[in-house]
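The values are calculated or read from the model by the stated rules, or taken from the named source; none is laboratory data. Computed from a predicted model, the values in this text were never measured in an experiment. Counting neighbours? That spans all protein chains shown, and the Cβs are built from the backbone with ideal geometry, glycine included. SASA here: full protein model, heavy atoms, side chains in, ligands and nucleic acids out. Shrake-Rupley method; radii C 1.70, N 1.55, O 1.52, S 1.80 Å.
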Amino acid sequence: MFKKFFEKIGTLIGRDPNAQNRSFSLQEVQRILDQHHAALLELYGVPIEELRARLLRHRILDDTSSAGNSLSNSPANERAFGGDWAIFTPLPPTTSGISDYAAELAPSLASRLNATYIIADDAPAPDPNLFGFAVQRLSEWKSNQERDRATPRLYHLGNSSIHDYILQEAMQQPGVVVLHDRVLHHLFEQTTLRRGDSHTFKKFALEHHGPLGAMIADLAERELSGDAFRFGLPLSAPALQNATAVIVHSFEAMYQFRDLLPDILVQRIPLQYSRATPLTEMNASEVRKRLGMHPDRLIFVALGLATVQKRLDSLISALGAIQDQIPPFELWVVGELPDSLGLRELAIESGLANHMHVTGRVDMDTFQAFIDHSDVVVNLRFPSAGESSATLIRAMGAGKPCVVFDYGTALDYPDGTLVRIPLEVSSHTGLANSLRELACDENARRQTGAAAAEYIARWHEVDQCADSYAKVMLAAANERDEPSR
C-alpha cells in the first residue's frame, strides 16, 4: 500500500535537491508527510478499502444466507454458566467507550458467571455497587498468587493507553481476549516506543509485518508516522500470542482473526444495545428547548469526541454546499471539538457559523437525549482501527437514520438499516447528496430508522450478548482445565 509513497519520501530524506550536501531536518520531513497525508489516503487507502469492502460484503452474504444469519447472535435455548473469572477492564468513571461497554454488560453477566473486575492501580475508583461484581486493583488481585493462578482471565483490550496494564497481563498470562479494535499500533507505540523501548517495538513490527513494518516502525521512532501509517501497521498479533479464545464485534475482525488464529475459537459477539436512560414520554419541543436545540429545525448530529477520522470536515463542507437546498437545520457536535482540527473556522467559511453547535463532553443521559431528539446521525470513520461504533448502535437502536461510509464494520448491518455513501476523502459529493435526500424526505428518514431499530432489537439485545459471552468463556475454561495431551 505504501511502497511507492515510501520510495518518494526515501528520495527526500537525507538530501535536498537544491543543495545536495544538506540533509533534510526531521521537521522538514514531517512537513512533507503532512502535506502528502490526504493524498496517501486518497491514492492508496481508499481503493484498497473499497476492494476489501467488496470482498467482505460477499463473504458476509454467503455466510449469512447459507447459515440463516447464524453468525450473529441468536436467542439461546439454554443459559450457560461461565464459572469463576477475573475480568481485566477499565470501568467508569474512567473515560472510555470500552469502560462504558463493560459496565453496561456487567449486570447481565452477573447471573451467568462469578467474576472479579480488575482495574489499573492508578484508575479512578468506580462504584462497585453498579456492576454486580467485586472490583479490585491490579496489585491487590495479584497479591493472592494462588487465587490468580487458579482463576481464568478475560481481557478487554482496546487501542489506547488506558489498556497498558491489560496488554502487559495478556502478553504474560493466557486468557480470553476481547479485541475491541483490530489496530493496536497506538497502544504498542505508547507502551514501548514512547518509553524508550524501540527494540521491542521494531521487533514486533518486523516479525508480524515484515520489511514494510520495519520501515513504518523506523518512521514512528522518529515521530514521523501519521495515522495513515499507524493504521497500516496494526500490531494486533503480539497481543494475542497467549489468547485461549478471541471475541470480536464485527464480521471483518472475525474473518481476519480466524485466518490468523485457526487453532483457537474466534467468535463474533455484536456490541450490545441497552438504552443509556429509559425512554420517557416527554414533550419533544420541551426537551429540545432544554438541550438548546431549535424546536422546529432539522437536527443533524455527530456523536462523541471529534477526531480527524470522523471526517467532520466533510460533514461541515457538505452541509455548507446544500444549505440553501434543504429545510432550516442545525448541526450539533455532541462531544468535545479540539481547536487543533480547525472545524470552527471551517464552519464560518462554509456559512454554518449560526448552524453549528458544540456541547463539549456531556453525561450519558444528555447524550442519549441528543440522539432521541435528532433527525439524522452522521457516523463517518476513515481510516478506522476496525472498531465497532457504540454510538452507531445507540443511534440505530433509537430508530435514527445513520449515514456511514460503505466499508468496514458498517457492512455488518443489512441494506436498508443505514444510509451508505462511497468512501471519499477529498470530496464530499456522496455525503452531500445523501444528506439532501434525507433532509427533504421525512418518510425515508422514518423507514431507515425503523429498520435500524428493528435489527438492533433482534440481534444486539444485551442478555443475548451476555449468553454468548458465557458460552465462549465456559468453552475456554473447560479447555483450560483439560489435562494436556
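Numbers for the structure displayed
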| quantity | calculated |
| --- | --- |
| Residue that is surrounded by the fewest Cβ atoms within 10 Å (Cβ to Cβ) [pool: residues in region 418-450 that are in a loop (DSSP other than H, G, I, E, B) and at pLDDT 95 or above] | Asp441 |
| Among the candidates Asn114, Asn77, residue that is open to solvent by 50 Å² or more (accessible area, probe 1.4 Å) and at pLDDT 75 or above | Asn114 |
| Odd one out for Leu341, checked against (1) within 13 Å of Ile316 (Cα to Cα); (2) in contact with a strand residue (DSSP E or B) (Cβ under 9 Å, 6 or more places away or on another chain); (3) surrounded by fewer than 21 Cβ atoms within 10 Å (Cβ to Cβ) | (2) |
| Criterion (open to solvent by 30 Å² or more (accessible area, probe 1.4 Å), more than 16 Å from His180 (Cβ to Cβ), among the aliphatic types (A, V, I, L, M) and touching a strand residue (DSSP E or B) at 6+ places or on another chain (Cβ under 7 Å)) met by exactly one of Leu260, Leu265 | Leu265 |
| Residue ID - nearest to the chain's Cα centre (by Cα), chosen from residues in region 451-468 that are over 26 Å from Val266 (Cα atoms) and open to solvent by 20 Å² or more (accessible area, probe 1.4 Å) | Ala453 |
| Listing of helices (runs of 4 or more DSSP H) fully contained in region 226-335 that carry 2 or more residues being farther than 30 Å from His209 by Cβ and modelled with pLDDT under 95 | 284-291 |
| Pairs, first at pLDDT 95 or above in region 379-403, second among the aromatic types (Phe, Trp, Tyr), C-beta under 6 Å, six or more apart | Leu380/Phe405; Ile393/Tyr273; Gly397/Tyr273 |
| Leading residue by the ranking (modelled with the lowest pLDDT) among those in region 151-210 that are of a type in the set (Lys, Arg) and within 18 Å of Ser99 (Cα to Cα) | Arg182 |
| Within region 90-109, considering residues that are open to solvent by 40 Å² or more (accessible area, probe 1.4 Å) and not in a helix (DSSP H, G or I), the one nearest to Leu271 (Cα to Cα) | Thr95 |
| Qualifying residue in region 410-417 (condition: touching a strand residue (DSSP E or B) at 6+ places or on another chain (Cβ under 9 Å), at pLDDT below 95 and open to solvent by 40 Å² or more (accessible area, probe 1.4 Å)) | no |
| Given (1) open to solvent by less than 70 Å² (accessible area, probe 1.4 Å); (2) touching an Asp or Glu at 6+ places or on another chain (Cβ under 9 Å), index of the condition Ala134 fails | (2) |
| Check on Val177, closer than 23 Å to Ala475 by Cα and either outside any loop (DSSP other than H, G, I, E, B) or open to solvent by less than 40 Å² (accessible area, probe 1.4 Å) (or both) | yes |
| Region 180-198 residues that are without any contact (Cβ under 8 Å) to a residue 24 or more places away in the chain, paired with ones that are of a type outside the set (Phe, Trp, Tyr) (beta carbon under 6 Å, 6 or more apart) | Thr192/Thr200; Ser198/Glu221 |
| Test: Asp164 is acidic (Asp, Glu), touching a Ser or Thr at 6+ places or on another chain (Cβ under 7 Å) and open to solvent by less than 70 Å² (accessible area, probe 1.4 Å) | yes |
